[in-house]
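To keep things clear, I will list the structure first and then write my remarks on it.
The values are calculated or read from the model by the stated rules, or taken from the named source; none is laboratory data. The shown structure was predicted, so the numbers you read here are calculated from the model rather than taken from an experiment. Here Cβ is always computed from backbone atoms with ideal geometry, including for glycine, and neighbour counts include all displayed protein chains. Calculation scope for accessible area: heavy atoms of the full protein, side chains included, ligands and nucleic acids excluded. Shrake-Rupley method; radii C 1.70, N 1.55, O 1.52, S 1.80 Å.
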Amino acid sequence: MTSTILNRPADYRHVPAAEWTGLNPGDPVWIYDVAWGAGTGRVDDVSKHQELLWVVLEPTGRRLICGTDDVEVWTA
């Protein structure tokens, strides 16, 4: 992993799970998940009725993020 993946960009803001519906496909994100660590990527899809978020992480690929997980989502 590079330092870019491990370090949240300074200009990103935290997005609570209840506000994930405001994210759009293609939005850049930085994710921190207690279970697997940190990663950067882009929003792929957002559930409009539940706190579910699909992101394409670099370089590992697509991952489903659930609002009930111990996870933080940050975006530009």
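Looking at 43, 56, can you tell me which residue is open to solvent by 40 Å² or more (accessible area, probe 1.4 Å) and under 10 Å from the mean Cα position of the chain (by Cα)?
On the way: 43 fails: open to solvent by 40 Å² or more (accessible area, probe 1.4 Å).
After applying the criteria, what remains is 56.
Could you go through the stretch 64-76 and let me know if any residue there is assigned to a strand (DSSP E or B) and open to solvent by 50 Å² or more (accessible area, probe 1.4 Å). Talk me through it step by step, then tell me what you get.
At the first step, the residues of the stretch 64-76 found to be assigned to a strand (DSSP E or B) are 64-66, 71-75.
Okay, now just the ones that are also open to solvent by 50 Å² or more (accessible area, probe 1.4 Å), so 64, 72.
So far as the stretch 64-76 goes, yes, one or more of its residues are assigned to a strand (DSSP E or B) and open to solvent by 50 Å² or more (accessible area, probe 1.4 Å).
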Given the conditions (1) assigned to a loop (DSSP other than H, G, I, E, B); (2) without any contact (Cβ under 8 Å) to a residue 24 or more places away in the chain; (3) of a type outside the set (A, V, I, L, M), which single one is not true for residue 42? (1)
State which residue is modelled with the lowest pLDDT when the search covers only the stretch 1-34 and only residues that are over 11 Å from the mean Cα position of the chain (by Cα) and aliphatic (A, V, I, L, M). 1
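When the stretch 12-31 is examined, which residues are found to be touching a Phe, Trp or Tyr at 6+ places or on another chain (Cβ under 6 Å) and either open to solvent by 60 Å² or more (accessible area, probe 1.4 Å) or small (Gly, Ala, Ser) (or both)?
14
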Is there any pair with a first residue in the stretch 22-36 that is in contact (Cβ under 8 Å) with a residue 40 or more places away in the chain and a second that is part of a loop (DSSP other than H, G, I, E, B) whose Cβ atoms are under 6 Å apart and which are 6 or more apart or on different chains, and what are they? 28/76; 30/8; 30/12
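Run down 61, 37 and say which single residue is out of contact with any helix residue (DSSP H, G or I) (no Cβ under 9 Å at 6 or more places or on another chain), more than 18 Å from residue 76 (Cβ to Cβ) and open to solvent by less than 70 Å² (accessible area, probe 1.4 Å).
Values: 37 fails: out of contact with any helix residue (DSSP H, G or I) (no Cβ under 9 Å at 6 or more places or on another chain).
Only one candidate qualifies: 61.
Those residues that are under 7 Å from residue 74 (Cα atoms) and among the aliphatic types (A, V, I, L, M), I need them from the stretch 9-31; list them, please.
Taking the stretch 9-31 and keeping what is under 7 Å from residue 74 (Cα atoms), we get 12-15, 29-31.
Matches in the stretch 9-31: 15, 29, 31.
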Could you please find all residues in the stretch 35-63 being modelled with pLDDT of 95 or more, among the β-branched types (Val, Ile, Thr) and over 18 Å from residue 16 (Cα atoms)? 56
